[in-house]
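The structure under discussion appears below in the form of structure tokens.
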Amino acid sequence: MKKKTDKPEVKVGLLQPFYTYHWNQLLAVGVTPVFLSSIENLRETVHELDGFILCNPLNPTGKVWSENEIDEVIEIMGDRLVIFDECYLDMVFSGKHYSPIQKGVAENVVICRGFSKTLGAQSWRVGYAVSHPSTIAHMMACMDPVYICTPFLQHALARFIHNYFEEYQNHIIELNKLMRDNWATLSKAFEKRFNWQPLEPAGTMYGNFKHSYASDMEATVAALEAGVGVCPGSMFTKEGINATANTSTIRIHCGISREKAARIADLLTKGL
């Protein structure tokens with residue numbers, strides 16, 4: 001089959017650092033990612049874009065975008081497509097999570113949410129989107145040939161939320177406390193072992209550090225040699241994973257039991 005070459009190029013902005021699969025998903029559907037450094041950079045580049053994706057709270061850093069920042073993004077984008085990945089909306093440690101749907105729905109704004117993080121059900125692929133009815137209708141037309149019908153797990157989860165909503169809310173409170181407790185335990189241990197500067201997260205299940213190695217990969221290897229796995233910060237940027245890239249950051253995962261966090265801390269600080 002002859003490949004068509006007359007398809008117009010579609011460009012979507014990604015604010016660095018970004019969730020890596022957003023990049024992969026854009027490439028999978030033939031969309032060109034445009035890497036941005038700040039909201040100000042978005043304003044400078046918006047004339048080149050057809051859309052923009054923002055994760056709030058942000059994986060990998062744990063940043064929670066403010067109402068003013070979110071409103072500014074929507075103002076900058078005008079009638080262009082904006083997708084907000086709010087998979088971590090229930091994992092905010094202080095203050096409140098703001099979503100643009102609190103002020104109404106717009107045809108060009110899509111909110112993506114799920115339960116995979118708060119319920120530890122990543123393989124279930126359960127989630128939902130919120131947008132204007134006309135936009136949802138277009139999305140349904142694309143979804144139906146793929147899924148045929150709503151997976152039964154969605155129905156089971158809806159029944160759980162409906163029947164046990166108070167228990168679910170209490171679970172969220174306990175989960176967020178676990179994330180913060182684990183971060184407190186692990187951040188002290190990593191700082192003591194490697195002299196990395198902890199960067200306090202405002203949400204999600206992750207924590208980041210500033211390191212002083214020549215590259216993120218060098219810092220990653222140092223952690224592996226100490227018996228722990230970490231993510232190089234460069235993997236969340238256009239640099240990807242390579243030997244020389246250096247964002248001076250490392251990410252760790254705090255979504256583990258308190259007992260495991262304590263064992264890791266003991267491993268890192270033993271003999272120091």
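Put simply, the amide H of Leu199, placed in the peptide plane, has neighbours under 5 Å in Asn208, Phe209, Lys210, leaving out anything fewer than 5 places away on its chain.
When the Cα positions of Pro60, His47, Val12 are compared along the charge dipole of the range 5-159, Pro60 comes out farthest toward the positive end, with charges on each C-beta of Lys, Arg, Asp and Glu.
Determine the shape class of the range 166-272: with a ≥ b ≥ c the square roots of the Cα gyration tensor eigenvalues, call it rounded for a/c under 1.5, and otherwise prolate if a/b is greater than b/c, oblate otherwise. It is oblate, given that a/c is not under 1.5 and a/b is not larger than b/c.
How high is the relative contact order of the range 119-272? Use alpha-carbon pairs under 8 Å, at least six apart in sequence, and give a whole percent. The normalised contact order for the range 119-272 reaches 22 percent.
For the range 187-272, the per residue solvent-accessible surface stands at 50 Å², with DNA, RNA and ligands left out and a 1.4 Å probe. Under the rule of -39500 (n - 2.57) per DSSP H run of 4 or more residues, summed and divided by the residues of the chain, what mean residue ellipticity at 222 nm is obtained, to the nearest 500 deg cm²/dmol? Calculated mean residue ellipticity at 222 nm is -12500 deg cm²/dmol.
Convex hull of alpha carbon positions in the range 106-238: directionally averaged projected area 11.5 nm². Candidates Ala189, Phe165, Ile256 compared by Cα position along the dipole of the range 131-272: farthest toward the positive end lies Ala189, with charges placed on Cβ. Three semi-axes describe the equivalent ellipsoid of the chain; taken as square roots of 5 times the Cα gyration tensor eigenvalues and ordered largest first, they are 33, 25, 18 Å. DSSP bridge analysis restricted to the chain gives an antiparallel fraction near 45%, rounded to the nearest 5. Distance between the C-alpha centres of the range 194-257 and the range 89-136: 27 Å, rounded to the whole angstrom. Overall, the accessible surface of the range 165-249 at a probe of 1.4 angstrom is composed of carbon and sulfur to the extent of 51 percent. One decimal place: the segment Lys177-Ala141 gains 8.9 nm when fully extended, by the rule 0.36 nm per residue minus the C-alpha distance.
Answer rounded, prolate or oblate for the range 98-163, using the Cα gyration tensor with square roots of eigenvalues a ≥ b ≥ c: rounded when a/c is under 1.5, else prolate when a/b is larger than b/c, else oblate. Cα axes put the range 98-163 in the oblate bin. Projected onto their three principal axes, the Cα atoms of the range 38-84 cover extents of 29, 19, 17 Å, largest first. Could you tell me which of the pairs Lys117/Lys238; Lys188/Lys260; Lys63/Lys192 are separated by over 19 angstrom between their Cα atoms in the structure shown? Distance filter (> 19 Å) returns Lys117/Lys238; Lys63/Lys192.
What does the C-alpha gyration tensor say about the overall shape of the range 53-130? Classify as rounded when a/c is under 1.5, otherwise prolate if a/b is larger than b/c, or oblate. Because a/c hits 1.5 or more and a/b fails to exceed b/c, the range 53-130 counts as oblate.
The values are calculated or read from the model by the stated rules, or taken from the named source; none is laboratory data. None of these values were measured; they are calculated from a predicted model. Quick reminder, even Gly has a Cβ in these numbers, built from the backbone with ideal geometry, and neighbours come from all protein chains shown. SASA here: full protein model, heavy atoms, side chains in, ligands and nucleic acids out. Shrake-Rupley method; radii C 1.70, N 1.55, O 1.52, S 1.80 Å.
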